[in-house]
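K.L.:
Sharing a structure below in structure tokens format, with a few things to ask.
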Amino acid sequence: MDRRCLWSAAISLSVVSLILSSTLAVAHRDDNSYRQIALVTVPGAPLNSFDISWVDRSSQTYYLADRSNKGIDIINARNSTFVARIGGFVGFTGNNETSGPNGVVVVHPRHELWAGDGDSTVKVIDVETRQIVKSISTGGAKRADEIAFDPKDHIVLVANDADEVPFVTFISEKDRTVLGHISFPEATNGLEQPVWDPETHLFFMSVPQIGTDALHGGIAVMDPRSLTIRTVFPVANCQPAGLALGPHQHLLLGCSQDAISAGAHAQTIVMNARDGSTVATITQVGGSDEVWFNPGDDRYYLAARGMTSNGLSTGTPTPVLGVIDADDNEWITNIPTGPNAHSVAADPINNRIFVPLRGRGVAVFAHDDDD
């Protein structure tokens, strides 16, 4: 809240305090006023298997990796309507390690959609024609998963998380060729969400578990120019999955349900991207998979499918959409979602939040102020 100047010396401190207290109370009530405003029906097979989603700001388009229908679903984020589907993917094979599509990202200025598939390829899609124009092999045996884009160096990074030795693949966006790989032999529970930082020009990526300790993970920091690991910031009691870059060079770590299963309390960590230090720990929400920073309302959104009633493995499963203020790292609210609701993305123009719900479609949430 903005600081207020004293109106005059005649105003007593008690009156000023009362006014400020009332203002804070109203703001807190408004912050919790989220509701579902739409449910987008997805045609074809029921939406039982899906993965990462993405909102392209320039076109206000929401993209969802729909494994049940072997394609990328396209939804108009302005009016929450289904537009089309881009096919040509493996689909759900009965095993997540070989299913696809998985990670998705929009690459500019070409305005292409890049998506990891279950056969260790990355599909490049022309969003105007909605056609796959290139299939790039990453050289693995299993899926190409989550993905991030470095627009400065024109490099796409994809995590090959399911191979016996997990690795990442660097691909040139310009000529669509593989530039190299980095192996993660100590990553014993795969690799998760990567993000590119425009200030440091580095990639950050969640590594849920390092070695045999289920509660020891890290954030890998990688240089896309030298194709090397700069460092790995250690993370305890978290098993980081989702990763989002917010304001103030802060990274939001979505601590996964695997950490809760291993005995940790549900939590979310905010990390300083410069040195790996912990800025804040939020215990009201955890068990997250994909997380998202929305610059439109300066908030983080967390697809916390593993949240439980008591924050422990003994609690009743209560999947939620978590909301955190990215400016002061304060928890705002948890909104009930549904089983395995692990994907989230937000439109920064109208601040609508999109969460796929198993077997139902894509739920659209909004704050009362933005609806």
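K.L.:
Every residue in the range 282-308 that is within 18 Å of the chain's Cα centre (by Cα) and part of a strand (DSSP E or B), please.
P.N.:
Within the range 282-308, I282, V291, W292, F293, N294, R299, Y300, Y301, L302, A303, A304 qualify.
K.L.:
Among the residues that make up the range 92-102, is at least one of them in contact with a Phe, Trp or Tyr (Cβ under 7 Å, 6 or more places away or on another chain), under 21 Å from P194 (Cβ atoms) and of a type in the set (D, E)?
P.N.:
No - not one qualifying residue is present in the range 92-102.
K.L.:
Just checking, how many residues over the range 215-238 are in a loop (DSSP other than H, G, I, E, B), under 20 Å from T188 (Cα atoms) and either in contact (Cβ under 8 Å) with a residue 60 or more places away in the chain or touching a Ser or Thr at 6+ places or on another chain (Cβ under 9 Å) (or both)?
P.N.:
1
K.L.:
Looking only at the range 259-293, count how many residues are charged (D, E, K, R) and either over 18 Å from V344 (Cβ atoms) or touching a Cys at 6+ places or on another chain (Cβ under 9 Å) (or both).
P.N.:
Number of matching residues: 2.
K.L.:
I've got another one for you. Scan the range 149-197 for residues that are free of Cβ contacts under 8 Å to residues at least 60 places away in the same chain and aliphatic (A, V, I, L, M) and jot them down.
P.N.:
V156, V158, A159, V165, V168, I171, V178, L179, I182, A187, L191, V195 - these are the residues of the range 149-197 that are free of Cβ contacts under 8 Å to residues at least 60 places away in the same chain and aliphatic (A, V, I, L, M).
K.L.:
For the range 31-57: of the residues being modelled with pLDDT under 95 and of a type outside the set (D, E, K, R), which is nearest to F365 (Cα to Cα)?
P.N.:
Once the filter is applied, the top-ranked residue is S33.
K.L.:
What are the residues in the range 142-163 that are surrounded by fewer than 24 Cβ atoms within 10 Å (Cβ to Cβ), in a loop (DSSP other than H, G, I, E, B) and among the charged types (D, E, K, R), if any?
P.N.:
Within the range 142-163, K142, K152, D153, D163 meet the criteria.
K.L.:
For the range 228-241, how many residues meet the condition of being surrounded by fewer than 24 Cβ atoms within 10 Å (Cβ to Cβ) and in contact with a strand residue (DSSP E or B) (Cβ under 6 Å, 6 or more places away or on another chain)?
P.N.:
6
K.L.:
Can I ask one more? Mind listing whichever residues of the range 164-184 are closer than 24 Å to Q239 by Cβ and either assigned to a strand (DSSP E or B) or touching a strand residue (DSSP E or B) at 6+ places or on another chain (Cβ under 9 Å) (or both)?
P.N.:
V165, P166, F167, V168, T169, H181, I182, S183, F184
K.L.:
Can you name the residue in the range 55-82 that is assigned to a loop (DSSP other than H, G, I, E, B) and not basic (K, R) and, of all such residues, is farthest from E290 (Cα to Cα)?
P.N.:
N79
K.L.:
Let me ask you something else. Of the residues that make up the range 346-355, is at least one of a type in the set (F, W, Y), in a strand (DSSP E or B) and touching a Leu at 6+ places or on another chain (Cβ under 9 Å)?
P.N.:
For the range 346-355, residues of a type in the set (F, W, Y), in a strand (DSSP E or B) and touching a Leu at 6+ places or on another chain (Cβ under 9 Å): present.
K.L.:
Moving to a separate point now. Give the residue that is nearest to L252 (Cα to Cα), with candidates limited to residues of the range 198-212 that are without any contact (Cβ under 8 Å) to a residue 40 or more places away in the chain and not in a loop (DSSP other than H, G, I, E, B).
P.N.:
My answer is V207.
K.L.:
So, one more: Of (1) surrounded by 21 or more Cβ atoms within 10 Å (Cβ to Cβ); (2) within 19 Å of the chain's Cα centre (by Cα), S120 satisfies all except one. Which?
P.N.:
(2)
K.L.:
Moving on to the next point. If I ask for residues that are at positive phi and among the acidic types (D, E), which ones from the range 294-332 would you list?
P.N.:
If the condition is that a residue be at positive phi and among the acidic types (D, E), then D298 is the only one that fits.
K.L.:
For the subset of the range 242-282 comprising residues that are closer than 26 Å to K152 by Cβ and of a type in the set (G, A, S), which member is surrounded by the fewest Cβ atoms within 10 Å (Cβ to Cβ)?
P.N.:
Filtering the range 242-282 down to residues closer than 26 Å to K152 by Cβ leaves 242-254, 270-277, 279.
Those still in the list that are of a type in the set (G, A, S) too: 242, 244, 246, 254, 273, 276-277.
On the way: G242: 29, A244: 22, G246: 23, G254: 33, A273: 22, G276: 17, S277: 9.
Taking the candidates together, the pick is S277.
K.L.:
Another one. What tally of residues in the range 83-132 results from selecting those that are farther than 16 Å from Y63 by Cβ and assigned to a strand (DSSP E or B)?
P.N.:
In the first step, residues of the range 83-132 are kept if they are farther than 16 Å from Y63 by Cβ; the result is 90-99, 109, 118-121.
Restricting the remaining residues to those that are assigned to a strand (DSSP E or B) gives 91, 121.
Looking only at that region, the number is 2.
K.L.:
Something else: Considering every residue within the range 193-216, establish whether at least one is of a type in the set (F, W, Y) and more than 24 Å from W54 (Cβ to Cβ). Even if it seems obvious, please write down each step before you answer.
P.N.:
Here is the first cut: in the range 193-216, the residues of a type in the set (F, W, Y) are 196, 203-204.
Then keep just the ones that are more than 24 Å from W54 (Cβ to Cβ); that gives none.
No; the residues of the range 193-216 include none that is of a type in the set (F, W, Y) and more than 24 Å from W54 (Cβ to Cβ).
K.L.:
Let me ask something else about it. Within the range 120-136, take every residue that is among the polar types (S, T, N, Q) and in contact (Cβ under 8 Å) with a residue 40 or more places away in the chain and give me the one that is nearest to G91 (Cα to Cα).
P.N.:
S120
The values are calculated or read from the model by the stated rules, or taken from the named source; none is laboratory data. Being a predicted model, the structure only gives us computed values, none of them experimental. Ideal geometry is used to build each Cβ from the backbone, glycine not excepted, and the neighbour counts take in all protein chains shown.
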